[in-house]
Amino acid sequence: MNFLFGKYCQTQLGLKRLPNLLRNLILAGIMACLLAIVGISQSWNLAFSLLNMCLISAIMALGVNIQWGYAGLFNAGVMGFAALGGLAAVLISVDPVRAAWAAGGQGLLFGLVIGVFTTCSAIFAWRRLSNSGSKRYWITILLLVVGFATMRFFTDPATLAIEAVDAARSGYLGGLGMPIMFSWIIGGLLAACVAWIIGKISLGLRSDYLAIATLGISEIIIYFLKFEDWLTRGVKNVNGLPRPVPYEIDLQNEAWFQQVTSTLDVSVVDASSLLVKACYTGIFLAVLLAVIWFSETALRAPWGRMMRAIRDNETAATAMGKNVQKQHLQVFVLGSAVIGIAGAMLVTLDGQFTPTSYQPLRFTFLIWVMVIIGGSGNNWGAVLGGFVIWFFWIEAEPVGLWLITFLTSGMEPTSWLRLHLIENAAHTRLITMGMVLLLTLRFAPRGLIPETKR
Amino acid sequence: MEGSLNSMALLANYILVPGLAYGSQLALGALGVTMIYAVLNFSNFSHGEIMSFGAMITILVTYWFQGLGISVYPLPTALIALPVGIGGAILLCLLLDKLVFSFYRQQRSNSVTYLIVSIGVMFVIGGITRFIIGPDDRNFNDGERFILKARAFKEMTGLSEGVAIKSSQAITVASAFIVVAAVFWFLSRTRTGKSMRAYSNNPDLALLSGIDPNRVVIIAWVITAGLAAVSGTLYGLDKSYKPLVFLHLVLPIFAAAIVGGVGSPLGAIVGGFVIAFSELFITFAYKKMAAYLLGDGVLGDGLLQLLSTDYKFAVSFIILVIVLLIKPTGIFSGKSI
Amino acid sequence: MSYLVSENMVAGYGGVNILNSCSIQVDLGQIAVVVGPNGAGKSTAMKAIFGMLPLQSGSVKILNESISNLPPFQRVKKGMAFVPQNENIFTSLTVEENLEMGAFTNPDAMVTIVEQVYSLFPVLKEKRLQRAGELSGGQRQQVAVGRALMTEPKLLMLDEPTAGVSPIVMDELFDRIIDVARTGIAILMVEQNAKQALSIADIGYVLVQGENRYTNSGKALLENTDVRKTFLGG
Ligand SMILES: Nc1ncnc2c1ncn2[C@@H]1O[C@H](COP(=O)(O)OP(=O)(O)OP(=O)(O)O)[C@@H](O)[C@H]1O
Ligand SMILES: [Mg+2]
């Protein structure tokens, strides 16, 4: 009897699995079709640009999913980590500006040492004076003010000198002149280090305070990147980053490439940019698969089981002697590292670093929408979410415009309302995203590909 | 003597007056955030967009009044349009609660779910606002510009530093004072206000006392919406109205609420001013002041600035992070209205 | 027919039934006491009667009218009042405001009943303007009972009113409760100090694992050897 019952359960499970797999395949198929439609109706170049951005979005979404889906941590600082990855791309790949180093390198380094020393001594004082009342505050503040004033005494002239070096073209220290793909690793590491500090500060907080704290810290990071010209050129942007793939113009001049295009009877220009994009696609896909493999393995390992146990019942996990805060820190650092990698990849793809482009809407909240729509806790869901949401984020504008033009076609062409609607059609995408998020949360809170019970 | 008077005028002009106005705006915003937190127990990220929405309605009505030739010069027309803006914001909030938030209340969702929902709401309202009024900068202050002009102050006092008071600043501070006083009176003197505090303190017991939770929630939304519309309009009057700004204003507002202690109305007010004044104090260039007090160039030729003005907004986040670090419950510890 | 009649209540938390079949009655002017081991479901029964938990089956009636589907705040209007076991006062409100919130459904009580409550618990008058969270444990219990009385209830439900209260204050509190019952109010009380509580009870219920094990007058239960041995410690 028992035996039969077990058998019955097994077939039940097997049957349940199948539609899941089928549904996932269908969803992926639809996504591929959508991209293909763009390729056919708009252009293949556009389709590949979309695909590349989808891949990067998917990686970012995976990073967020590691934090949210595995551990229930609300990291609203995605933007900051992505920007740190971008910074790494600059600092690794750009050639060093020797004149700038000569002009202010020493002062800057010296100031840096003082800054680190100040911070350490302030922390030390804060810890040591834990039971000496208000004296604690005053001494710490005094240490900080004096320390940072001294630091500024050295760094201010140094940064001025650096920013004066050939201000129109450089005016910053430059980077290390290494291959840009190397920066993806460094971007991950940089984001991980900063995440460690942030995690140390804020992981003990209530979950929604964590969101606000990380949001605030990510803003601070962006301000830093925007205004510390000596490091990032600030709002003057860093353009022309080296590439990991060939340049279109070089391809076009290659004899073999001309031959191939002429036999295929396609335009050399189109084909070259398509090939470049396809190269990126290949590399990004490899990274995406590596990240997925890594996170799936981690999820299946005892580590992943423990993480989910903590997420589902923190009190019980604490009672069982798990160090929740330590586990959270691990997961926070890992997820941020993944976001950092994606950030570096994004800057690599763009070929430029633009601090002003980092907006919380685009870099934090959009990624969150991806994870939630895709299915929190499920890596494939995060990937699908990354694809779907990026696709609609880009395509909502033309589609919205088309829709509004279509709907108002009955009106006078110069009607005030019609012009207003068409002019502001772009904002429908905010509304659409919000609605999609709200509807998912309400009616399908587990997302497109729900987390599987393991 | 003259030197110290001049330096005081300098501080008044660049820190005291703008700080009071900005602080009032933040305080009103933070009070709204705190109200929702105290009653509904979640951090409402959509508050900035509700402010924006209320301000937008006020602006549209202002334009309409201007078209009709209605005006209350020297006061800005927006002041008589404000009640409509408040009404619009209230309608919006009640609608939001009915369509969105009430569901999660029934589900007894956790605070993070609420937070994400409020982000979705933020998207939608932000989109609607921009869709209706467009993303551009708008100046709708048609009242008298100044109460006290810098030149008049100089002539009056014979000092070389002027103090200017914009009428929008005076209006901001005055209306904030009135609104805050009204809210505090309501909370501490009326039965309904007390029932809100009771509900915030112990919802289950409030239920046992015959307090209708739906009513409390509705009133909390009404007050929050009113505060949001007022603070949004005042901010727009004082600076200028631009939808995008309100996305960025959410953080200083939350910083104010948290610094004061989320859930504590008094904390929200204090937090608002703490954030506003620290922003100004930390990014103020003390060079001129030092020159008045000590003589030219005694302290070198630097700007004597703690942090460059570029970092003005970042100051609030820095303070926020410090507070979260050393006293996460804020100055007036923790939740209770 | 008693004033409150609850029959065969089945209820629980998140699908797990704690009450399996529990019936409790009490009439005006009577004191009913529920005793039982920890975790027997005494508090759960009180919550179920007050509508803070949905009933799976069974019914709650007042004066033969079913109130099983009313939300708690409407049961207050029907004349029920409840002092829960934990968190039974508004800590951030003053004592007076606590009483005022008790009188939320009939504001007139603030004029009339409040003096009665103050004469019942004179300490409260002294501490009128102090925040209730700053009071001692015994004083808090008095605030809690006072708040419940402010609704002018016909039925007062108390979940362990003497928890954490010194023996002297406890005796006094019991005396007050008898006083209240004398005014014609029905009292339904869960008590840990079973002997003392049963000695003032008109009816006693012994609840075990969510079911009535014994039901009798308080005196009879005290004399029952089985009850004494298993539930009253000899
Ligand atoms: N909110 C809740 N959610 C889930 N289970 C609960 C909840 N409250 C109580 N329980 C469970 O219901 C059972 C009965 O609890 P109840 O509080 O009714 O016991 P009690 O008889 O009042 O005990 P005590 O004498 O300790 O107050 C316990 O096993 C408890 O774990
Ligand atoms: Mg109990």
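Things to note:
- Percent antiparallel among DSSP beta bridges (both partners in the protein assembly as shown, rounded to 5): 60
- Straight Cα distances below 17 angstrom link C:K154 to the lysines C:K61, C:K77, C:K78, with same-chain residues fewer than 8 positions distant left out.
- With a 10 Å cut-off around each Cβ of B:248-256, the average count of Cβ atoms from other chains is 2.
- From its DSSP helices (H runs of at least four residues, each -39,500 (n - 2.57)), chain B gives a residue-normalised ellipticity at 222 nm of -23500 deg cm²/dmol.
- Look at the dipole of chain A built from charges on Cβ: of A:H427, A:T281, A:P445, the Cα furthest out on the positive end belongs to A:P445.
- Along the axis of the charge dipole computed for segment A:44-196 (Cβ charges of +1 for Lys and Arg, -1 for Asp and Glu, origin at the Cα centre), the listed residues A:I141, A:S170, A:G72 are led at the positive end by A:I141.
- Number of partner chain Cβ atoms within 10 Å, mean per residue of C:84-97: 4
- Calculated P(r) tail over 24 Å for chain B, as whole % of Cα pairs: 58
- Given in Å, the Rg to one decimal and the Dmax to the nearest whole number for the Cα atoms of segment A:64-185 are 19.4, 53.
- Whether segment B:97-240 is rounded, prolate or oblate, judged on the alpha carbon gyration tensor where a/c under 1.5 counts as rounded: oblate
- Overall form of segment A:217-369 per C-alpha gyration tensor (a/c, 1.5; a/b vs b/c): oblate
- Loop trypsin sites (Lys or Arg not before Pro), segment A:135-181, which have at most 16 other Cβ atoms in a 10 Å radius of their Cβ (DSSP): A:R169
- What the Cβ-Cβ distance of C:E115 and C:S21 gives, at R0 = 45 Å and to the nearest 0.05, is a FRET efficiency of 0.55.
- Shape call, segment B:1-72: gyration tensor on alpha carbons, a/c limit 1.5: oblate
- Kirkwood hydrodynamic radius computed over segment B:202-312 comes to 17.6 Å, based on all pairs of distinct alpha carbons.
- Distance between modelled label sites at B:L5 and B:S102, nm, 7 Å Cα→Cβ extension: 6.3
- Dimensions in Å of segment A:266-317 - Rg and Dmax from alpha carbons: 20.2, 64
- For chain C, a Kirkwood radius taken over Cα pairs fed into Stokes-Einstein (25 °C, viscosity 0.890 mPa s) yields D = 138 µm²/s.
- Under 13 Å from a label point set 7 Å out along the Cα-to-Cβ vector of A:L403, no amide N atom of segment B:74-116 is found.
- Largest first, the three principal axis extents of the alpha carbons in the protein assembly as shown are 107, 94, 72 Å in whole numbers.
- Percentage, to the nearest whole number, of Cα pairs in segment A:324-397 over 20 Å apart: 40
- R0 of 45 Å, Cβ-Cβ distance C:N86-A:W196: FRET efficiency to nearest 0.05: 0.70
- Coordinate range along principal axes, alpha carbons of segment C:1-87, Å, largest first: 30, 28, 25
- Taking label positions 7 Å along the Cα-Cβ direction at both B:K149 and B:R215, the computed distance is 5.5 nm, reported to one decimal.
- Cα pair distances in segment A:359-454, grouped into 10 Å bins until the bin that holds the longest one, percent each: 17, 38, 25, 15, 5, 1
- Computed log₁₀ I(q)/I(0) - Debye formula, equal Cα scatterers, no solvent, segment A:146-248, q 0.11 Å⁻¹: -0.52
- Between the listed residues B:A164, B:Q107, B:S46, the Cα displaced farthest toward the positive end of the dipole of segment B:45-181, a dipole computed from Cβ unit charges relative to the Cα centre, is found at B:Q107.
- Förster radius 22 Å - calculated FRET efficiency between A:A168 and A:R98, Cβ distance, rounded to 0.05: 0.80
- The orientation-averaged projection of the convex hull spanning the C-alpha atoms of segment C:111-234 amounts to 8.5 square nanometres.
- Calculated log₁₀ intensity ratio I(q)/I(0) where the Debye formula runs over C-alpha points of chain A, q = 0.06, 0.11 Å⁻¹: -0.34, -1.03
- Burial order of peptide ranges A:297-309, A:261-273, B:185-197 (average beta-carbon count within 10 Å, highest first): B:185-197, A:297-309, A:261-273
- Under 17 Å from C:K127, Cα to Cα: aspartates and glutamates that are on another chain or at least 8 residues apart: C:E96, C:E97, C:E100, C:E115
- Only helices enter this figure: runs of n ≥ 4 DSSP H residues, each worth -39500 (n - 2.57), summed and divided by the residues of chain A, yield -25000 deg cm²/dmol at 222 nm to the nearest 500.
- The packing ranking, built from the mean of other Cβ atoms within 10 Å per residue, places the peptides A:360-369, B:70-79, C:14-23, A:425-434 in the order A:360-369, A:425-434, B:70-79, C:14-23, highest first.
- Inter-site label distance for A:Q258 and B:S160 at 7 Å from Cα along Cβ, in nm: 7.3
- Count, lysine Cα pairs under 22 Å in chain B, 8 or more residues apart or across chains: 15
- In order along segment B:255-270, the phi-based Karplus estimate (6.51 cos²θ - 1.76 cosθ + 1.60, θ = phi - 60°) of 3J(HN,Hα) comes to 4, 4, 5, 6, 4, x, x, 4, x, 9, x, 4, x, 4, 5, 4 Hz; Gly and Pro are listed as x.
- Local electrostatic count at A:N65 - Lys and Arg +1, Asp and Glu -1, tallied over other residues with Cβ under 14 Å: +1
- All aspartates and glutamates inside 17 Å of A:K200 as judged from Cα atoms, apart from same-chain residues fewer than 8 positions distant: A:D208
Bear in mind these aren't lab numbers, they're just calculated from the coordinates by the rules spelled out. Quick caveat: nothing in here was measured; it's all calculated off a predicted structure. Positions of Cβ are generated from backbone atoms using ideal geometry, with glycine treated the same way; all protein chains shown enter the neighbour counts.
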